[in-house]
There are 2 protein chains.
Amino acid sequence: MPPPFEVLADPTRRLILDLLRERPRSVGELVDALAISQPRVSKHLRVLRDAGLATSRVRAQSRLYTLRPEPLAELDAWLAPYRRLWEERLDLLERHLDTIPETPETPEPPGPAGEAAPPPEERP
Amino acid sequence: MPPPFEVLADPTRRLILDLLRERPRSVGELVDALAISQPRVSKHLRVLRDAGLATSRVRAQSRLYTLRPEPLAELDAWLAPYRRLWEERLDLLERHLDTIPETPETPEPPGPAGEAAPPPEERP
DNA sequence: ACGGCATATAACCATGCGGGCATACTGAGC
DNA sequence: GCTCAGTATGCCCGCATGGTTATATGCCGT
């Protein structure tokens, strides 16, 4: 019921989903793999179940959690119209890397290495 | 700098992005379109700028905010390995719609209305 | 220089969320 | 039945976050 956006906001939950993507896992396995407390894992699993992103089955004395990827389609649908945009822009960027664009006022370009002079902030 | 997942967790910010996707807008336009307070919009725009999802340019006395979709690629990349999964499953589902699926233990937490037969709860 | 519009920020408040600890529950085996 | 492994939940805390109101800042026209 809660939209998948909120669920994915937590990095731990993304990790859990990544683990469940490989294969179904029990709570204990997740606890070991993530090296975090068991209640913490259980709580995140609750959120994932409520969001329809995971289901649980009773296996022996433990519970097997399985990924249910369908709700992610909603995220994908939202993302779809944006995909073309950044793809186009990456094309353009590659096409003329030498052209120095005007510097918009917004600081922090995604330059991972090219951090040199902090642009004058609006009001420090 | 903050990962786009957290930024997209807020529905208002998703709306703002959707509006900016059509065309660049000033703060005032966003305020009118969303019918929310101006400081609220400004705060969300700050978050979007910090995440690299929007840039601002000074136009006359107002500011033009423009979408910068590149950071969304990270989200898309995370989503990619899941896409195949739900697509496959939708295929299978369509293929035999008549087969009644087994009811896993996972219940419907807040089943308010359209719930017909409550599946066997863990502890009836 | 001044007034006013457009926007950003500060201060403050309320709520929600993630995490830890302790505890209750469930199911299997004895 | 009891016990134990495995898991879920309750309670509490700290903190980040979103919202509001009031105010500061910036830019333009006069």
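The values are calculated or read from the model by the stated rules, or taken from the named source; none is laboratory data. As the structure is a prediction and not an experimental result, all values here were calculated from the model. Methodologically, a virtual Cβ is constructed for each residue, glycine included, from the backbone with ideal geometry; neighbour enumeration extends over all protein chains shown. Quick note on the areas: whole protein, heavy atoms, side chains included, nothing else; ligands and nucleic acids left out. Shrake-Rupley method; radii C 1.70, N 1.55, O 1.52, S 1.80 Å.
Inside the range A:46-70, residues that are of a type outside the set (G, A, S), touching a Phe, Trp or Tyr at 6+ places or on another chain (Cβ under 9 Å), more than 7 Å from every other protein chain (Cβ to nearest Cβ) and within 16 Å of DNA strand C (Cβ to nearest atom) make up a count of 1. In the range A:52-85, which residue that is more than 30 Å from B:L53 (Cβ to Cβ) and not in a strand (DSSP E or B) is farthest from DNA strand D (Cβ to nearest atom)? Applying the filter and picking the extreme gives A:A60. Just to be sure, is A:R57 within 18 Å of the chain's Cα centre (by Cα) and either surrounded by 13 or more Cβ atoms within 10 Å (Cβ to Cβ) or at pLDDT 95 or above (or both)? It is false that A:R57 is within 18 Å of the chain's Cα centre (by Cα) and either surrounded by 13 or more Cβ atoms within 10 Å (Cβ to Cβ) or at pLDDT 95 or above (or both).
Looking across the range A:60-71, the residues that are more than 15 Å from A:M1 (Cβ to Cβ) and open to solvent by less than 30 Å² (accessible area, probe 1.4 Å) come down to A:Y65, A:L67, A:P69. For the range A:7-45, a tally of residues being within 11 Å of DNA strand C (Cβ to nearest atom), surrounded by fewer than 16 Cβ atoms within 10 Å (Cβ to Cβ) and farther than 20 Å from A:L75 by Cα returns 9.
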